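Please read the structure below before turning to the comments.
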Amino acid sequence: MITIRPGDERGRTNIGWLNARHTFSFGQYSDPAHMDFSVLRVINEDIVQPAQGFSTHSHRDMEIITYVLKGALEHQDSLGNGSIIKPGDIQRMSAGTGISHSEFNHSKSENVHLLQIWFLPETQGIDPGYEQIYISPEEKQGQLRLVGSRDGRQNSVTIHQNINLFAGILTHDQQVKYTIQPGRAVWLQIARGAVQLNQHPLKSGDGAAITDETRDITIQGIHESAEILLFDLPAIGKQ
């Protein structure tokens, strides 16, 4: 079964320096029908104004992925890490027993556009941790490139949960197929552009929950270059 989550129906936070859309309930946006999907708890699409951002704040017991689409995000945390996250970078922060961090638009003249993704961890109370890697557009072109996994294989970031996270870039008529294994579920998020998921057209901001599928799914680019994230997750109640 494929259930579409239209991007235009997501929650919204607009406070001047931040314009955000929320796939699942977050902050002031609460919708009992859209709380999470399997162990995937948050997909926020954020546009942050120049030289603005999130001042120091704390998290615990959450796996947090930052994926920048345009611009640059400056990161500082209580572990002493500091970095600039740009398109192609994948940053993983394990909050574990507790971590504080800040995130600011590194530019004084251009917006930064990013996705921030949260997963519930497999085990609570782990040591906080941080990791950042770069994956070139060529590695994602026309295919699903593993960018996050439980064991960090294939130069992916290590996520402390039973998941596989893939990123892909599809131009017009390029397509990829993916086989959903028994006991698994998939969430597809369209980061930019447009694709066709089996018979379903999807555009930037749309998501799709895919459950109880017994055949391959096919994702095909439409008209323009599209960037997608595919989350292979435990089926509900099987993590």
Check: Counting only residues that are within 10 Å of Val112 (Cβ to Cβ), assigned to a strand (DSSP E or B) and without any contact (Cβ under 8 Å) to a residue 60 or more places away in the chain, how many does region 64-85 have?
Finding: 5
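Residue by residue, here is whether (1) over 18 Å from the mean Cα position of the chain (by Cα); (2) among the aliphatic types (A, V, I, L, M) holds:
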| site | (1), (2) |
| --- | --- |
| Arg41 | no, no |
| Asn44 | no, no |
| Asp61 | no, no |
| Lys86 | no, no |
| Gly98 | yes, no |
| Leu120 | no, yes |
Check: Looking at region 135-239, what strands (runs of 3 or more DSSP E) fall wholly within it and have at least 1 residues that are surrounded by 20 or more Cβ atoms within 10 Å (Cβ to Cβ)?
Finding: 145-149, 164-170, 184-192, 194-197, 200-203, 207-210, 217-221, 226-234
Next item on the list: Could you look through region 46-59, keep only residues that are polar (S, T, N, Q) and assigned to a strand (DSSP E or B), and pick out the one that is nearest to the chain's Cα centre (by Cα)?
Entry: Ser58
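Here's the yes/no breakdown for (1) surrounded by fewer than 18 Cβ atoms within 10 Å (Cβ to Cβ); (2) within 24 Å of Gly152 (Cα to Cα):
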{"residue": "Phe37", "(1), (2)": "no, yes"}
{"residue": "Glu45", "(1), (2)": "no, no"}
{"residue": "Phe54", "(1), (2)": "yes, no"}
{"residue": "Glu63", "(1), (2)": "no, yes"}
{"residue": "Tyr67", "(1), (2)": "no, yes"}
{"residue": "Ser83", "(1), (2)": "yes, yes"}
{"residue": "Glu110", "(1), (2)": "yes, no"}
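Looking for whichever is within 27 Å of Gln174 (Cα to Cα) and either of a type outside the set (Lys, Arg) or touching a helix residue (DSSP H, G or I) at 6+ places or on another chain (Cβ under 6 Å) (or both) here; the options are Leu115, Leu120. Which one fits? Break it down stepwise before answering.
Details: Leu120 fails: within 27 Å of Gln174 (Cα to Cα).
That would be Leu115, the only listed residue that is within 27 Å of Gln174 (Cα to Cα) and either of a type outside the set (Lys, Arg) or touching a helix residue (DSSP H, G or I) at 6+ places or on another chain (Cβ under 6 Å) (or both).
Every residue, every condition in (1) without any contact (Cβ under 8 Å) to a residue 60 or more places away in the chain; (2) more than 30 Å from Gln49 (Cβ to Cβ), yes or no:
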residue: Leu120; (1), (2): no, yes
residue: Pro128; (1), (2): yes, no
residue: Glu131; (1), (2): yes, no
residue: Glu139; (1), (2): yes, yes
residue: Leu146; (1), (2): yes, yes
residue: Ile159; (1), (2): no, no
residue: Gly168; (1), (2): no, no
residue: Gln174; (1), (2): yes, yes
residue: Asn198; (1), (2): no, yes
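Looking only at residues that are of a type in the set (D, E, K, R), at pLDDT 95 or above and in a loop (DSSP other than H, G, I, E, B) in region 86-121, which one is nearest to His57 (Cα to Cα)? First the steps, then the outcome.
Filtering region 86-121 down to residues of a type in the set (D, E, K, R) leaves 86, 89, 92, 103, 108, 110.
Subset that is at pLDDT 95 or above: 86, 89, 92, 110.
Going one step further and asking which of them are in a loop (DSSP other than H, G, I, E, B), we end up with 86, 110.
Numbers: Lys86: 21, Glu110: 24 Å.
Going through the qualifying residues, I end up with Lys86.
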Next item on the list: Please name all residue pairs, on different chains or six or more residues apart, with Cβ atoms under 8 Å, provided the first residue is in region 87-115 and is among the aromatic types (Phe, Trp, Tyr) and the second residue is at pLDDT 95 or above.
Entry: Phe104/Val48; Phe104/Leu73
Item checked: Residues (closer than 25 Å to Arg184 by Cβ, polar (S, T, N, Q) and part of a strand (DSSP E or B)) located in region 10-45 -> Asn44
Notebook entry, point to check: So, of the residues in region 113-123 that are touching a strand residue (DSSP E or B) at 6+ places or on another chain (Cβ under 7 Å) and over 17 Å from Gly205 (Cβ atoms), which turns out to be surrounded by the fewest Cβ atoms within 10 Å (Cβ to Cβ)?
Noted result: Leu120
Checklist line | Out of Glu138, Glu213, Glu224, sole residue that is within 21 Å of Tyr67 (Cα to Cα), at pLDDT below 95 and more than 16 Å from the chain's Cα centre (by Cα) | finding: Glu224
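The values are calculated or read from the model by the stated rules, or taken from the named source; none is laboratory data. Remember, it's a predicted structure, so these values are computed and weren't measured experimentally. Backbone-built Cβ (ideal geometry, glycine too); neighbour counts: all protein chains shown.
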